[in-house]
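Trainee: To start, I am sharing the structure in question, which I have written as structure tokens.
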Amino acid sequence: MINKPHVKSLVQHANPVPDATVHGLSARARAELADLVGSVETQQRVPARRSSRRGILVAAIACAAAAAVTTVAVFALNDPKEPGGSGGDPMADEPYFGTTAELEDASVLIVRARLGTGHEETTDGLTETVATAQVLATAKGMSPPTGGDFELVYTTPGSGPETADLAAGKEYVLLLDEPHGNRFTLVNSTQGVYRVEDGRAVPGHNNDVALSAGVLRALRLTS
């Protein structure tokens, strides 16, 4: 004989719609498993996000440092007061000498010469004039003897941002760089030439550096 109260209790506690199972797991088990897995994934993702932020910060610092170095380099190259920096036109790549000592020290040969008629030569798109210069006096370096000559190569006037103010038949003080064979070039298109007028060495309009007393005396000139 079945006990009626016992049957009633069984009916009240029975699940009329059993939990569906997936791969042998009940809905409750799957929920608990999902909570557990989600917590582990969250913990694993946290270091990744931190690593990514650290990488972005390092990259930003590196870019800022590179920009600062580039800015300093640009200012250094364009500082007209630094030896080797470009003076005057920012496009020029010739050295600028701020003092008499720097200018004369950079010259391997300093002479007083008379310039002859020249001819133009074009190499790699650069047009230059080649002219014979006759030595009248020497202040520095080993030059041809007085009366001897050498070839002077200079940028043809009007063909670039900075060109030497030279004309055939005139006398000049020439401050010259290392020779290539018997050919010399100016240490600077504007500072490597001084006109000789009435026994004086006259700098060009873009040159405010005077020659030393010793050089002028050797060339039999005054400032």
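Trainee: Looking at the stretch 150-172, is at least one residue touching a residue at least 60 places away in the same chain (Cβ under 8 Å), more than 17 Å from Y96 (Cα to Cα) and either within 29 Å of the chain's Cα centre (by Cα) or surrounded by fewer than 16 Cβ atoms within 10 Å (Cβ to Cβ) (or both)?
Mentor: No, the stretch 150-172 contains no residue that is touching a residue at least 60 places away in the same chain (Cβ under 8 Å), more than 17 Å from Y96 (Cα to Cα) and either within 29 Å of the chain's Cα centre (by Cα) or surrounded by fewer than 16 Cβ atoms within 10 Å (Cβ to Cβ) (or both).
Trainee: Out of the stretch 120-136, which residues are open to solvent by 50 Å² or more (accessible area, probe 1.4 Å) and touching a Ser or Thr at 6+ places or on another chain (Cβ under 7 Å)?
Mentor: If the condition is that a residue be open to solvent by 50 Å² or more (accessible area, probe 1.4 Å) and touching a Ser or Thr at 6+ places or on another chain (Cβ under 7 Å), then E120, E128 are the ones that fit.
Trainee: Is it true that A210 is over 31 Å from the mean Cα position of the chain (by Cα) and either of a type outside the set (D, E) or surrounded by fewer than 15 Cβ atoms within 10 Å (Cβ to Cβ) (or both)?
Mentor: no
Trainee: Restricting to the stretch 195-223, count the residues that are more than 21 Å from M142 (Cα to Cα), not in a strand (DSSP E or B) and not acidic (D, E).
Mentor: 8
Trainee: Specify the residue that is farthest from the chain's Cα centre (by Cα); the eligible residues are those in the stretch 175-194 that are part of a strand (DSSP E or B) and either more than 15 Å from F97 (Cβ to Cβ) or among the β-branched types (V, I, T) (or both).
Mentor: Looking at residues that are part of a strand (DSSP E or B) and either more than 15 Å from F97 (Cβ to Cβ) or among the β-branched types (V, I, T) (or both), I get R183.
Trainee: Identify, please: which residue in the stretch 137-149 is part of a strand (DSSP E or B) and open to solvent by 40 Å² or more (accessible area, probe 1.4 Å) and is, among those, modelled with the lowest pLDDT?
Mentor: D149
Trainee: Of the numbered conditions (1) at pLDDT below 90; (2) under 22 Å from A210 (Cβ atoms), G158 fails exactly one; give the number of that condition.
Mentor: (2)
The values are calculated or read from the model by the stated rules, or taken from the named source; none is laboratory data. Being a predicted model, the structure only gives us computed values, none of them experimental. In this analysis, Cβ positions are derived from the backbone assuming ideal geometry, glycine residues included, and neighbour counts consider all displayed protein chains. Please note that ligands, DNA and RNA were not included when accessible areas were found on the heavy atoms of the full protein model with its side chains. Shrake-Rupley method; radii C 1.70, N 1.55, O 1.52, S 1.80 Å.
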